[in-house]
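Only one structure is covered here, and it is reproduced in the block below.
Just so you know, all these numbers are worked out from the coordinates, no wet-lab data involved. All of these numbers come straight from a predicted model, not from anything done at the bench. Positions of Cβ are backbone-derived with ideal geometry, glycine not excepted, and every protein chain shown enters the neighbour counts.
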């Protein structure tokens, strides 16, 4: 597991929420991550900062919440 300092915000807002998360790997830009339940908003990864120096985290990740239904409709060509 890798430790991530995860920064999330609502689309169009500056309401950042910062928390420590563990992932099996560091997410990539453009991927979607669901943090809690399948019915929660998906978070689109916008920025990944790898921390190869001495730090308690393997990376810092910045993501924006997007409605999961809108993402699914868009992915299906709707």
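So, in Å, what gap is there between the alpha-carbon centers of region 1-21 and region 22-48? One Cα centre to the other: 10 Å. Per the Debye formula on identical point scatterers at the alpha carbon atoms of the chain, with no solvent, log10 I(q)/I(0) at q = 0.26 Å⁻¹ is -1.29.
Ranked by how many other Cβ atoms sit within 10 Å of their own Cβ, fewest first, the residues 73, 61, 33 fall in the order 73, 33, 61.
The Rg/Rh ratio of region 35-78, with both radii computed over alpha carbons and Rh defined as the Kirkwood radius, is 1.15.
DSSP bridge analysis restricted to the chain gives an antiparallel fraction near 70%, rounded to the nearest 5.
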